[in-house]
Amino acid sequence: MSDIPKSNETFIQRQLKKIIINKNDLQKLIDTKKGIYNSVKSWSTLKLIFLNYVADVYSRIMKNRNYFKDKYFYVDLFSGSGINTVDDSSGDLIFGSPLIVATRYPFTKMFFCDSNEDYTSALDERLKVTGLDKDKFKIYDKDCNNILDDIISQIKNGHSLIFIDPYGMQITWKSIEKILQLKADVIMNFQTSEIVRGIEKSGEPTNACKSFFKDSNEAMKIYSKPIITRREELLKLYIKDIENTRLQTHSNVITEKVRVRKDEKYYYDLIFITRQTRGGSPWLNTIKKSWG
């Protein structure tokens, strides 16, 4: 899939309204852990719009499936504080990924993780302010790679929507392999522009590179190619490894790519991993039409 086109600005603006904090909720939310927000750029909010769209469709599908209707889960491995401030605008506050999901969609249980204890503390209080029952969510203030097994033990018998939004290469391939074996739809933010900065040091793959890619030697081969091709080929390598790994335990694997671009220099790609349903997954056509 290609960049989100300008012709869809009306669609994007309509979706953006759904994640802006309304006046009734604003004051009580900003009064909790005042000043502890995640700072984002206006163009990067598109990943949150995409998450909201997918979560909406996903939750409606799961509610109508008898087997999963009381055991479908949301997992957010880099959850942040729950509120974002848009620092290149007039200071607008918007919901972060946890509050987008928690305030709108009836998941059986939600799991949130962030290694920043200030963020997890703020998120805990903000979730309570929304009136969400304590038994509906669990928060981890640890590296997601270290607590993933605990989350998996609680969701493995159901179906999950998993949102992975690292700043760079903070999630390991071992963790991705475990996630791909689950009954789950996955949205992953692949930091296409930034990842090339952390591939090598003194001619050797960095520790981050070794843990992030399935085969760091393959990543290094790409890094040795002309700079103009590095980003796209590293992305293709990662998607290929996702698809090959997923096919070991799943059939009808679908991987869609949504590019979010600030300009020619800075962009990232959302990798959406799902599977074809018996009904043909017609809602994927909306993603292709509106985002591709």
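The values are calculated or read from the model by the stated rules, or taken from the named source; none is laboratory data. This one's a predicted model, so the numbers in the text were calculated from it and none came from an experiment. For neighbour counting, all protein chains shown are included, and Cβ atoms are generated from backbone atoms with ideal geometry for every residue, glycine included.
Within the stretch 53-133, considering only strands (runs of 3 or more DSSP E) that don't extend past its boundaries, which have at least 1 residues that are over 13 Å from residue 160 (Cα atoms)?
Working: elements: 72-76, 83-86, 93-95, 109-113.
Where strands (runs of 3 or more DSSP E) fall fully within the stretch 53-133 and carry at least 1 residues being over 13 Å from residue 160 (Cα atoms), they are 83-86, 93-95, 109-113.
Looking at the structure I just gave you, is residue 238 modelled with pLDDT under 95, among the hydroxyl-bearing types (Ser, Thr, Tyr) and under 24 Å from residue 76 (Cα atoms)? Walk me through how you get there before you give the answer.
Numbers: modelled with pLDDT under 95: no; among the hydroxyl-bearing types (Ser, Thr, Tyr): yes; under 24 Å from residue 76 (Cα atoms): yes.
In short, no.
Would you check if residue 229 is over 30 Å from residue 62 (Cβ atoms) and either modelled with pLDDT of 90 or more or part of a strand (DSSP E or B) (or both)?
On the way: over 30 Å from residue 62 (Cβ atoms): yes; either modelled with pLDDT of 90 or more or part of a strand (DSSP E or B) (or both): yes.
Answer is yes for this residue.
What is the one condition in (1) modelled with pLDDT of 95 or more; (2) within 22 Å of residue 65 (Cβ to Cβ) that residue 175 does not satisfy?
(2)
Would you be able to tell me the number of residues in the stretch 234-270 that are closer than 16 Å to residue 184 by Cα, part of a helix (DSSP H, G or I) and aliphatic (A, V, I, L, M)?
1
Report, by residue number, each residue of the stretch 240-278 that is hydrophobic (A, V, I, L, M, F, W, C) and exposed (fewer than 15 other Cβ atoms within 10 Å of the Cβ). Spell out how you get there, then give the answer.
Residues of the stretch 240-278 that are hydrophobic (A, V, I, L, M, F, W, C), as a first pass: 242, 247, 253-254, 258, 260, 270-273.
Within the stretch 240-278, 247 is the sole residue that qualifies.
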